[in-house]
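First comes the structure, then the notes that go with it.
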Amino acid sequence: MKWDHVILNGQIVTEDETYPGNIYIKDGKITAITNEQLEGEANETTDATGLYILPGLIDTHVHSRDGGATHKEDFRHSTQAAAAGGITTIFEMPNTYPPISNKENFERQSANFLSKAFVNFGIWGICLGDLNIDDLKDLDKLGVIGFKYFWGYAVNKENYQLVYNYEEGMENVIPPCDDGEVYRMFEEVAKTGKIIAIHAENSELINHLTKRVKAEGGNSYEDALRARPALAEELTIGTGIALAKETGAHLHILHVSSGGSLDQIALAQEEGYPITAETCPHYLFLTNEDFETKGSMMKVYPLVKYQDDQNRLWDAIEDGTISLVCSDHAPHTLAEKQMDIWNAPAGMCGVEALAPLMLNEVSEGRLGLQDIVSLLSTNPAKLYGIYPLKGSIMAGADADLTLVDMEKEHIIRMEELHSKSKVTAFDGTRVKGMPVRTIVNGVTVMANGKILSSEPTGQLVTPERKGDVNYNE
Ligand code: DOR
């Protein structure tokens, strides 16, 4: 036998167990896991002595801005940043240019991404209300990973780009959908069996409060939080849960930031509804108090909230209310992120720091390595219908693996990020526990922080279809 890649002497970590073993890879698949040394030559041999081998980590929430804002990020940079951070699959958010709103755009963008991908990738489809309600079935057939609805955002009439700060009366803009339109969207997505994921913030409340706070001359982080409070998130989640209950849609709440939201989500879960949630490192490691040192670099939407919210997010990870942690990688330019709290755009780089920040919590004793596997690999793979090809280490699974050195210390440095525009509120953060090798489809893409492959080899990842719709194929 000629093996593509043999990984020897590692500690294999799954969500259930940790055990020593060798992994043999052929044609991009895990072929054998054994304590023996099997016969045959290997193209690549990795000695994993002292290292942990995790199923490839998945970042389900990435904005690579390709196209639309390629001066901030593009797919080549974001997927190299992913590989550098131990991520083997990203799910690309659909608010690109063109947006992933119909068959033609999906085909165009999947070819674009494929030509630049250093890791594997899934693609979200976008819900634009009546504008593309009839296109959702095509997107399902083509293999979007799920559907995203940016609740309360308006859409530019000409290019279907999201309008981030909508105000009534704006020209050339299609106003945000009303709840009837959202209801129809939920119905349509429910038929596909896929997830409808929402950016949950009530824009009407935010617009109203922002005007009031600005008129009072407020310009502190506290003022920003008054203008964009937890209530904005909680209101939309409440409506979303009610619509999901009625339509049978599987609702996923993106980037949860507030404790009150968790109460609503946990209740719906206890009642047995398919409602899931995620959060991100900025909500787990930052609070309002960090604004003094981080400034607008830590501005994200929804805003980072209070210590109590952070504590409750960690509790929700422990009790399973939150099933995955992802980055919401959303680069902007440095100049933009140096603006004041009102004018700076929301978002920062995240895909490269996600795994290091979470692994540090293993060193701190808050999480175990098996929890990392659950939160960053197995749970997302199961949720989005790509398990066990992804999210597992077993014979027949895809050979996507993340090798981790729990003794390795590292300082996250903004200027060392692999993204195009390098902006993060975690500049200077020390971590212990680092991904040291990223293996994608059996091939090492990153070793010790360096990108090894010169050519993009990432593949499009599509989920199993589970909907009950008959598209007359
Ligand atoms: O902070 C954010 N930035 N939150 C989002 O949901 C969108 C993102 C962006 O695209 O900039």
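Observations on the model:
- Rounded to 5, percent antiparallel among DSSP beta bridges of the chain: 50
- Residue-count net charge about Ala230 - beta-carbon cut-off 14 Å; Lys, Arg +1, Asp, Glu -1: -3
- Annotation note: GluC sites (Glu not before Pro) in the range 1-38 located in DSSP loop regions with a Cβ neighbour count of at most 10 within 10 Å are Glu17, Glu36.
- Using only alpha carbons, the range 351-464 has a radius of gyration to Kirkwood radius ratio (Rg to Rh) of 0.97.
- Cα-Cα over 30 Å, subset of Lys29/Lys337; Lys305/Lys432; Lys157/Lys299; Lys29/Lys382; Lys305/Lys420: Lys29/Lys337
- For the range 244-286, the relative contact order is 47 percent, taking Cα pairs closer than 8 Å that sit 6 or more residues apart in sequence and dividing their mean separation by the residue count.
- Distances between every pair of Cα atoms in the chain, grouped in 10 Å steps from 0 to the bin holding the largest one, split as 4, 21, 32, 27, 12, 3, 0, 0 percent.
- Trypsin sites (Lys or Arg not before Pro), loop per DSSP, at most 13 other Cβ atoms within 10 Å - longest free stretch of the chain: 158-412
- Cleavage-rule hits, GluC sites (Glu not before Pro), the range 120-217, DSSP coil, Cβ neighbours within 10 Å at most 11: Glu158, Glu168, Glu171, Glu216
- Using the Karplus relation 6.51 cos²θ - 1.76 cosθ + 1.60 with θ = phi - 60°, the per-residue 3J(HN,Hα) values for the range 51-56 come to 10, 9, 10, 10, x, x Hz, with x marking Gly and Pro.
- Kirkwood hydrodynamic radius (C-alpha pairs) into Stokes-Einstein, the range 152-308, 10 °C and 1.306 mPa s, D in µm²/s: 95
- Only helices enter the 222 nm calculation for the chain: every DSSP H run of n ≥ 4 contributes -39,500 (n - 2.57), and dividing by all residues gives -8500 deg cm²/dmol, rounded to 500.
- Pair-distance distribution of the range 272-371: all C-alpha pairs, bin width 5 Å, starting at 0; shares per bin in whole percent are 2, 12, 21, 23, 19, 12, 7, 3, 1, 0.
- Rounded Å value of the spacing that divides the Cα centres of the range 159-185 and the range 8-22: 49
- Rg ratio (alpha-carbon, reference 2.2 N^0.38 Å) - the range 377-429: 1.59
- With the simple model of a label 7 Å out from the Cα in the direction of the Cβ, Asp290 to Lys450 spans 3.1 nm.
- Loop-located chymotrypsin sites (Phe, Trp or Tyr not before Pro) in the range 83-192, at most 16 other Cβ atoms within 10 Å (DSSP): Tyr164
Quick note: the coordinates plus some simple rules give every number you see, no bench work behind them. Since this is a predicted model, take the numbers as computed values, not measurements. Quick reminder, even Gly has a Cβ in these numbers, built from the backbone with ideal geometry, and neighbours come from all protein chains shown.
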